[in-house]
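One structure is given below, encoded as structure tokens.
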Amino acid sequence: MHAAVPVSSLSLSAPVFEPAIAAAVCRHCGDACLDRPVVTEAGTFCCAGCESVFGLIAEHGLSAFYTCDINPGVSQRAASTRDPQRFAAFDDPAVAARFMVSRGDRAEVTLPVPAMHCASCLWLLEQLWRFHPGILRSEASLLRRTVSVEFRPEAISLRQLAEQLAALGYEPVVDQEPPGRTPLARRHLYLRIGFAGFAFGNVMLFSIPRYVNGAPLDPEFQTLFGWLNIAFSLPVLGFSAWPYFTSAWSALRARAITLDVPIALGLAVLFGRSLVEVVTRTGEGFFDSFAGLVFFLLIGKLFQQKAFDALSFDRTMKSFLPLSVRAGRGDDLRVTPIHELRPGDEMVLRPGEVVPADAVLVDASGAVDFAFVTGEQDPVNIERGSYIQAGGRVAGRAIRLTVARAVSTSRLAELWSHPVFSTPKPHWLTGLLTAFGRWFTFSAIALAALGAALWWPDGRKAAEVATAVLIIACPCAFTLAAPITLGTAMGVLGRAGFFLKNPETALDLSRVDELVFDKTGTLTLGAATAAVRHDEFTDEEWRWVRRLAAESVHPVSRAIAGAETPAGTVSDVDEIPGIGIEGLVDGHRVRLGKPATPASSAAELTAWATIDGGEPRLIRVEPADRPGIGDVVASLAKERAVQLLSGDRDASAASWRRLFGDRMQFNQAPEDKLATIRATQQTGRRVAMIGDGLNDAAALAAADVGIAVSDDTACLVPACDAVIRGDRLTRLPAFLDYAVRGRRVIVLCFTVSLIYNALGLGLALAGRLTPLATAILMPISSLTIVGLSAGLMRTRIGRVLA
Amino acid sequence: MSVIVLLIVAGGVVAAAFLAAFVWAVRTGQFDDTVTPPIRILLEDPHPKDAVND
């Protein structure tokens with residue numbers, strides 16, 4: 001079973017992912033079963049986590065889950081590494097009460113479940129009542145990836161509910177604060193569109209007779225229709241289009257000109273001139289164009305608002321800390337929310353828990369890893385009196401600590417208060433549109449003045465021409481192009497497993513010319529998926545070695561032990577940090593240790609094991625590089641610069657040199673990474689940082705585009721501009737090409753709408769811009785832009801989605 | 001003329017009714033999630049024979 005499973009080859013240039021045998025496919029998640037598959041009567045599973053979820057679903061007669069959608073299951077490989085006590089905070093009534101809404105003997109809770117992704121997930125999550133009689137009803141939202149559950153708290157506690165969801169493979173992500181309500185802005189936008197569309201349709205009814213007639217209607221009809229049009233258009237002016245006026249006004253007050261200024265100007269002139277024409281009975285006005293214009297503009301806004309649907313990207317430091325810990329004075333330990341921790345309090349932290357505040361060790365010894373803070377996964381041994389910084393994660397066994405500083409004054413909190421986190425990132429699009437808006441406004445006003453001068457001294461005609469210029473110059477098509485192109489791109493990329501924070505990020509991405517990679521967790525996978533090779537142990541001996549390794553917290557030992565602890569009794573364990581571990585397994589003396597000389601290949605870690613004093617035998621651990629990552633970096637390096645910034649030691653530097661050359665730095669603290677990003681930007685480059693840990697958070701925030709890699713959907717990622725699924729990292733070149741296509745489509749749309757505008761301006765200056773011409777020209781230009789931007793971003797996307 | 005006025009009033013009332021229905025739909029949250037309900041309607045309950053409720 002455990003004999004050599006050849007996984008990734010070591011050479012980075014060679015195809016890295018080459019399973020020697022045709023791997024079976026996991027019955028639950030559909031992933032290839034590579035390493036230590038679990039085989040049962042029901043089928044083959046990639047890990048025990050998947051097998052148990054499958055069993056749970058089958059036991060409740062819900063196997064239809066697997067037929068609703070293709071590969072609905074989410075791999076549970078990371079599940080075994082989670083802290084079984086992670087929902088303990090919900091045992092505290094005060095914490096639970098913040099998340100629940102109680103109604104009599106019932107309560108409702110809404111939990112984010114990022115693993116939800118398809119129709120099958122939706123179906124299963126709405127059948128939750130079958131799993132526990134205390135669950136009354138559940139409703140899931142695929143859009144927000146949340147599930148709302150109504151339950152009876154005396155029958156099932158919030159903690160049990162969260163654990164039930166986790167057992168089904170839908171790990172709820174619990175943040176310090178419960179998720180907020182649906183933003184009302186979205187509903188307002190729908191109402192605005194509704195009123196504009198309503199007015200557009202009705203105004204059209206009263207405008208078309210005039211167009212069809214070819215000549216002015218009977219005066220009484222013309223007057224009646226004119227006033228009806230005013231009545232229908234007033235809500236459009238005062239409600240639907242109002243945000244454009246307030247936005248333009250605040251821009252002008254700040255002595256700036258945004259793209260909303262010419263829009264507001266165009267809309268105001270359009271409405272004003274139409275009003276004057278109707279009141280003075282000199283014409284029928286442009287109310288149809290006015291309502292239609294606002295309608296189209298708002299449709300464009302709807303694309304922009306897609307950002308609200310996305311997962312929450314704004315993480316604070318506290319998102320990474322536990323909700324509460326067991327703490328108190330003396331022996332009176334109880335579940336305490338972390339913001340109530342005071343210096344001098346004692347707390348007991350279990351393995352896997354994150355130290356929430358700077359603290360001092362009370363126990364004689366312990367082990368903590370600072371993977372979150374520095375990226376270094378190797379646990380550090382600590383002794384009584386050691387000062388442990390917040391963000392460390394307890395390894396090995398539970399430890400008792402004394403709080404030294406409150407949560408808000410820890411070093412981690414200081415890093416988080418760095419201005420890089422509070423300064424909003426300027427989007428290139430925002431700057432572009434502002435520059436464009438200024439140019440556009442001045443050109444429109446200049447052209448209007450020119451038109452008026454041309455027709456002077458005919459004052460009436462001059463005013464007509466000037467207003468016509470301002471009307472036709474309204475940059476409606478321009479405002480549609482960017483949101484629709486980028487909004488569509490954001491949707492397509494989201495389907496491909498690359499989630500953008502907002503549409504503007506797609507454009508920033510297209511301009512990136514330097515990519516900076518973190519190593520651990522980004523280019524390589526965690527120890528849980530490292531490939532272990534040995535060739536001289538029998539299955540039973542190998543089980544002893546694994547059983548002993550499970551006692552250690554060292555990453556190499558963890559890799560050897562695998563995800564599940566093998567059977568066997570262990571006693572007499574002695575671990576000497578930096579040397580190895582020794583113990584009795586099922587009565588056999590097993591020693592597992594480091595080789596005396598460093599491994600020949602730096603990308604490979606080796607260990608030696610002896611059983612009952614026999615010859616030492618070799619075990620090789622290959623910290624698995626992400627499959628295909630070498631090819632990806634090589635192909636990215638063709639068009640863009642690449643750089644490696646790693647928080648850990650340079651043990652594997654040699655193997656990365658061929659990809660990154662000298663542009664590699666190791667032992668980088670979060671501040672160093674931030675400084676390097678800044679320095680790179682100083683040289684005029686636009687940088688994308690690709691990282692995964694809290695130690696990358698500052699660099700992600702400083703980079704032009706910060707991309708967080710997430711292998712485990714339930715795992716928190718740092719604040720960033722985009723989240724990429726770990727297994728989709730290999731498609732980054734295609735994603736970048738697609739972003740570049742988005743930029744080209746926008747340029748094309750701008751060109752096309754400039755042509756339309758030139759056409760309209762010609763008519764306007766010639767004094768021939770009739771309401772009918774406007775009513776035809778404006779929608780056509782808007783629809784062309786909608787068609788071009790949405791259409792071009794949806795065709796030939798096979799390489800993005802593949 | 002009077003016929004037209006009658007038609008306009010009748011048409012306006014119908015249109016206003018639809019607008020009111022739209023406003024009601026937005027305010028009761030029917031546009032908050034436009035992804036899930038169209039999928040949910042296609043899903044069936046598990047067959048009673050298979051389902052176990054404990």
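For this structure, a couple of remarks:
- Residue in region A:200-207 that is more than 30 Å from residue B:24 (Cα to Cα), within 13 Å of chain B (Cβ to nearest Cβ) and buried (at least 18 other Cβ atoms within 10 Å of the Cβ) present: no
- Odd one out for residue B:30 among (1) modelled with pLDDT under 90; (2) surrounded by 10 or more Cβ atoms within 10 Å (Cβ to Cβ); (3) more than 8 Å from every other protein chain (Cβ to nearest Cβ); (4) assigned to a helix (DSSP H, G or I): (4)
- Only residues that are in a loop (DSSP other than H, G, I, E, B) and surrounded by fewer than 17 Cβ atoms within 10 Å (Cβ to Cβ) were counted in region A:86-116, giving 2.
- Annotation: of all residues in region A:208-218 being more than 14 Å from chain B (Cβ to nearest Cβ) and outside any helix (DSSP H, G or I), the one that is surrounded by the fewest Cβ atoms within 10 Å (Cβ to Cβ) is A:215.
- Selection status of residue A:441, part of a helix (DSSP H, G or I) and under 24 Å from the mean Cα position of the chain (by Cα): no
- Count of residues meeting criterion [free of Cβ contacts under 8 Å to residues at least 40 places away in the same chain and within 14 Å of chain B (Cβ to nearest Cβ)] in region A:39-60: 3
- Taken over region A:140-155, the criterion of being part of a strand (DSSP E or B) and within 12 Å of another protein chain (Cβ to nearest Cβ) is satisfied by A:140, A:141, A:146, A:147, A:148.
- Scan of region A:92-121 for residues that are touching a helix residue (DSSP H, G or I) at 6+ places or on another chain (Cβ under 6 Å) and either among the β-branched types (Val, Ile, Thr) or within 14 Å of another protein chain (Cβ to nearest Cβ) (or both), ordered by number: A:95, A:109, A:119, A:120
- Within region A:733-768, tally of residues that are farther than 29 Å from residue A:498 by Cα, crowded, with 17+ Cβ neighbours inside 10 Å and either of a type in the set (D, E, K, R) or under 27 Å from the mean Cα position of the chain (by Cα) (or both): 0
- Positions within region A:126-164 being under 21 Å from the mean Cα position of the chain (by Cα) and closer than 25 Å to residue A:322 by Cβ, in sequence order: A:144, A:145, A:146, A:147
- Scanning region A:600-634 for residues being assigned to a loop (DSSP other than H, G, I, E, B) and either at pLDDT 85 or above or under 19 Å from residue A:531 (Cβ atoms) (or both) gives a total of 11.
- Sole residue being assigned to a helix (DSSP H, G or I) and over 28 Å from residue A:302 (Cα atoms), chosen from A:195, A:221: A:221
- Any chance residue A:748 is modelled with pLDDT of 90 or more, over 14 Å from residue A:518 (Cα atoms) and not assigned by TED's automatic domain parsing to the domain that holds residue A:512: yes
- Which listed residue is assigned to a helix (DSSP H, G or I), closer than 30 Å to residue A:117 by Cβ and modelled with pLDDT of 90 or more, from A:450, A:486: A:486
- Within region A:270-286, being farther than 17 Å from residue A:764 by Cβ and either in contact with a strand residue (DSSP E or B) (Cβ under 6 Å, 6 or more places away or on another chain) or outside any helix (DSSP H, G or I) (or both) holds for A:280, A:281, A:282, A:284.
- Selection status of residue A:137, more than 8 Å from chain B (Cβ to nearest Cβ), more than 28 Å from residue A:494 (Cβ to Cβ) and either part of a strand (DSSP E or B) or small (Gly, Ala, Ser) (or both): yes
- Flag: residue A:248 does not match the condition of being of a type in the set (A, V, I, L, M), without any contact (Cβ under 8 Å) to a residue 24 or more places away in the chain and either surrounded by fewer than 22 Cβ atoms within 10 Å (Cβ to Cβ) or not in a helix (DSSP H, G or I) (or both).
- Out of A:167, A:89, A:79, sole residue that is at pLDDT below 85, over 22 Å from the mean Cα position of the chain (by Cα) and away from chain B (no Cβ under 12 Å): A:89
The values are calculated or read from the model by the stated rules, or taken from the named source; none is laboratory data. Source: prediction; values computed, not measured. Cβ: placed from backbone, ideal geometry, glycine included. Neighbour counts: every protein chain shown.
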